[in-house]
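I have placed the structure first, in the form of structure tokens, so that the comments after it can refer back to it.
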Amino acid sequence: MALTIRSVRAVEILDSRARPTLSVSLEIAGGAVVRAGVPAGTSTGAREAVELRDGDPRRYGGQGVLRAVAAINGEIDAALAGRSFISLAAFDDALIALDGTPDKSRLGANSLVGVSIAAARGFAAATGTALWQAFVGRLDFPRFPVPHFNILSGGVQALTALDFQECMIAPVGAPTIAEAVRAGAEIYAALRSLLHGRGLVAALGDEGGFAPELRQPEAALELLVDAIAAAGYHPGLEGVAIAVDAAATRFFAAGTYTIAGEPHSSDDLIARYSEMVGRFPIRLIEDGLADTDWAGWERLTAALGDRVELAGDDLFCTNPSTIALAVDRGIANAVLIKPNQIGTVSETLHAMRICRDAGYRRFVAHRSGETPDAFIADLAVGTGTGRLKAGAPARGERVAKYDRLLQIAAGDAGCGLTYGLR
Ligand code: 2PG
Ligand code: MG
């Protein structure tokens, strides 16, 4: 069914980090209005599509998005209003052509992704289906993903000395999505009590995970195992497993990884991961090495690729060409999927297809800067990725994604879907 656009509008709003972002609304034929809130990263990858920010130091430290608002209300609206599109792919192609740059820098990836997500909602609304159903048939059979809750934060998302960015729990063995969300929330509460009991100050990171003063990653993982057990769950690959986003690009310089002040070569770090995998129920390591250390990634994949999921985030930036290059070299076996890293929903689906065809797992993810927009929950369910991370089971912008999964499960069409990894 074709989608006819009446108008495209944007306003500058705040994201969850108190930084400006975009709220986009599309009025479609019939008068319905569909919206999107645009996410943004803090630890962004070098190959990400480029956001349009004002760079005016007098407003929000240069982070304002009034130029992006002007691009949407002006050029993008003028190009799209009154036109009909037969598919989201045709719509996104028009956006990409209008921008005309390989990295979306002219109109901004933030502008494009907001308009594209709103259009995805527009197509679903025009056909009278739920958003997740609009993705059915495009990739794998739909299912509820295992939520990966970031309950202990470090790196650039926290102000502590812990170098690893995210320590996550994944209730792999939960029977349903509702039970998985419950496990996440109960373990989060258990970790809070545990930190309090041990006298560890628990500030929060940007994604709602606790940010205690720790230095060694193993100390963080021990806390996770203790919290899982304290909440009455089984820490294990079949119960509640652990996942880590090391975000290693951030502690890599001049060929050396520095963790808690200690220098590591790629091989030292690979050996440390092997030891961690033997000691803790780790099912996934994200950005275990830096985005420029492809030789290290080859050895990491050879060493651990048959035991854990090795996911690339900064490494791939949801970019189909970069993923294809890595597949050729046998690097990693899973890919973070973030629509704003590439700039449109259609290109995101394309990246996912390349992963599927190569046998790489897909891990749909939020950004550290979020709004209550829960698009990624629908995307993960409809494309059947089996994996989603959206931060802690706390703070409105994070909980919105998990709550959306619960709402889908409670809906007529959603209650027949199964839960779990694929
Ligand atoms: C990541 C993300 C989200 P950011 O590294 O995976 O958790 O962080 O959005 O800051 O890039
Ligand atoms: Mg990451």
So for the chain: antiparallel DSSP bridges make up what percent, rounded to the nearest 5? 60
Using the Kirkwood radius over Cα pairs, work out the Stokes-Einstein diffusion coefficient for the stretch 239-300 at 10 °C and 1.306 mPa s, in µm²/s as a whole number. 133
Cα pair distances of the stretch 197-246 binned at 10 Å [whole percent]: 21, 54, 24, 0
Debye, to nearest 20: dipole size of the stretch 248-342, +1 on Lys, Arg Cβ, -1 on Asp, Glu Cβ: 180
Express in % the proportion of alpha carbon pairs of the chain at distances exceeding 40 Å. 13
Under a crude label model (7 Å from the Cα following the beta-carbon direction), how far is A295 from S265 in nanometres? 1.0
Per q in 0.16, 0.18, 0.23, 0.25 Å⁻¹, report the Debye log10 I(q)/I(0) for the stretch 9-106, using one uniform scatterer on each alpha carbon and no solvent. -0.78, -0.97, -1.42, -1.53
Need one number: the % of Cα-Cα pairs in the stretch 320-422 sitting beyond the 20 Å mark. 41
Using the Cα centre of the stretch 201-293 as origin and beta-carbon charges of +1 (Lys, Arg) and -1 (Asp, Glu), tell me which of A229, P263, A211 is placed farthest towards the positive end of the dipole. A229
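Roughly how big is the chain's charge dipole about its Cα centre, with Cβ charges of +1 (Lys, Arg) and -1 (Asp, Glu), in debye to the nearest 20? Mind showing how you got there, number by number?
Details: 40 positive and 48 negative charges, 170 e Å.
Taking the Cα centre of the chain as origin, the dipole is about 820 debye.
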Quick note on C167, C355, ordering by fewest other C-beta atoms within 10 Å, gives C355, C167
What is the magnitude of the charge dipole of the stretch 141-198 about its Cα centre, with +1 placed on the Cβ of each Lys and Arg, -1 on the Cβ of each Asp and Glu, and no other charges, expressed in debye to the nearest 20? 120
Checked against the positive end of the charge dipole of the chain (+1 on Cβ of Lys and Arg, -1 on Cβ of Asp and Glu, about the Cα centre), the farthest of A125, A351, G420 is A125
Just want to confirm a number: the relative contact order over the chain, from Cα pairs under 8 angstrom separated by 6+ residues, in percent. 21
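Rounded to the nearest 0.05, what FRET efficiency do E275 and D226 have when you use their Cβ-Cβ distance and R0 = 22 Å? Before the final figure, lay out each step's value.
On the way: r = 19 Å, r/R0 = 0.86.
The pair E275/D226 has a calculated efficiency of 0.70.
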Need the full-extension length gain, A410 to A89, defined as separation in residues times 0.36 nm minus the C-alpha distance. One decimal, nm. 112.6 nm
So which residue, out of R143, R404, R58, gets the largest mean-square fluctuation from a GNM of the chain using Cα contacts under 10 Å as springs? R58
Tell me the label-point distance for the pair L325, T129, using the 7 Å Cα-to-Cβ offset, in nm and rounded to one decimal. 3.5
Candidates G232, G37, G369, ranked by Gaussian network fluctuation over the chain, Cα under 10 Å, top entry: G232
Once every DSSP H run of n ≥ 4 in the chain is given -39500 (n - 2.57) and the sum is divided by its residues, what mean residue ellipticity at 222 nm do you get, rounded to the nearest 500 deg cm²/dmol? -11000 deg cm²/dmol
Mind giving me the nanometre distance, one decimal, between the label points for A79 and R6, set 7 Å out from Cα along Cα→Cβ? 2.3
Highest-fluctuation residue, M168, M352, M276 considered, GNM on the chain with Cα pairs under 10 Å: M276
Between L204 and E238, what FRET efficiency follows from the Cβ-Cβ distance if R0 is 25 Å, with the result rounded to 0.05? 0.25
From the mean inverse distance of alpha carbon pairs (Kirkwood) and the Cα radius of gyration, derive Rg over Rh for the stretch 167-305. 0.99
In percent, how large is the relative contact order of the stretch 208-273, given Cα pairs closer than 8 Å and 6 or more residues apart? 18
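Want the number for R138 to A302: 0.36 nm per residue separation, take away the alpha-carbon distance, what's left? Intermediate results must be reported in sequence, preceding the final value.
On the way: separation 164, 0.36 × 164 = 59.04 nm, distance 3.11 nm.
Length gained, R138 through A302: 55.9 nm.
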List the pair-distance distribution P(r) of the stretch 81-229, using every Cα-Cα distance, as the percent of pairs falling in each 10 Å bin from 0 up to the bin containing the longest distance, rounded to whole percents. 10, 26, 21, 23, 16, 3, 0
Which angle from 0 to 90°, rounded to the nearest 10, does the C-alpha axis of helix 320-329 make with the longest principal axis of the chain? 40
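Every number here is computed from the coordinates shown, using simple stated rules; none is lab data. What you see is a predicted model; the values in this text were computed from it and never measured. Please note: Cβ atoms are built from the backbone with ideal geometry, for glycine as well, and neighbour counts cover all protein chains shown.
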